[in-house]
Amino acid sequence: MFELETIAAFGAGAALMAMAPVVRKLGNQELGDSMGQAGRTMAKSGVKIGLVAVGTAEKVAKGVAKSAAEAAETFVDLVEEAKSENSSTEDVAVSKITKNESAAPTITDVTLE
């Protein structure tokens, strides 16, 4: 709704400014001047509102982008930690298997009856 009000204010002001010279030519100088001034004020207000809206939207967009970048960085860090922990867990498991294999008894004599 905010955009509609901005467009309406600017459009009405621009229309009044455009019609002011026609009214002056038709012979009503005071009305033409008044329409021109009112139109200029309305158009300027519409532009100001638009600038404020754009500034606010820009701040919001920058905040969202910053938050997204922080979330992505946190996720990458989390993945790296998980990889690091996973590789250290695998190293411990391999060392346990190697120790268990060396401690296993070996059969050297076989007797058949």
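Bear in mind that the values in this text are calculations on the coordinates, not laboratory data. A quick note: this is a predicted structure, and the numbers were derived from the prediction, not measured. Don't worry about glycine lacking a Cβ; one is built from the backbone with ideal geometry, like all the others, and counts go over all protein chains shown.
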Of all C-alpha pairs within the range 2-100, those more than 17 angstrom apart amount in percent to 71 percent
The residues LYS59, LYS48, sorted from fewest to most surrounding Cβ atoms within 10 Å, come out as LYS59, LYS48
Scoring only Lys, Arg, Asp and Glu (+1, +1, -1, -1) among other residues with Cβ under 12 Å from the Cβ of VAL79 yields -4
Quick note on ASP77, ASP33, ordering by fewest other C-beta atoms within 10 Å, gives ASP77, ASP33
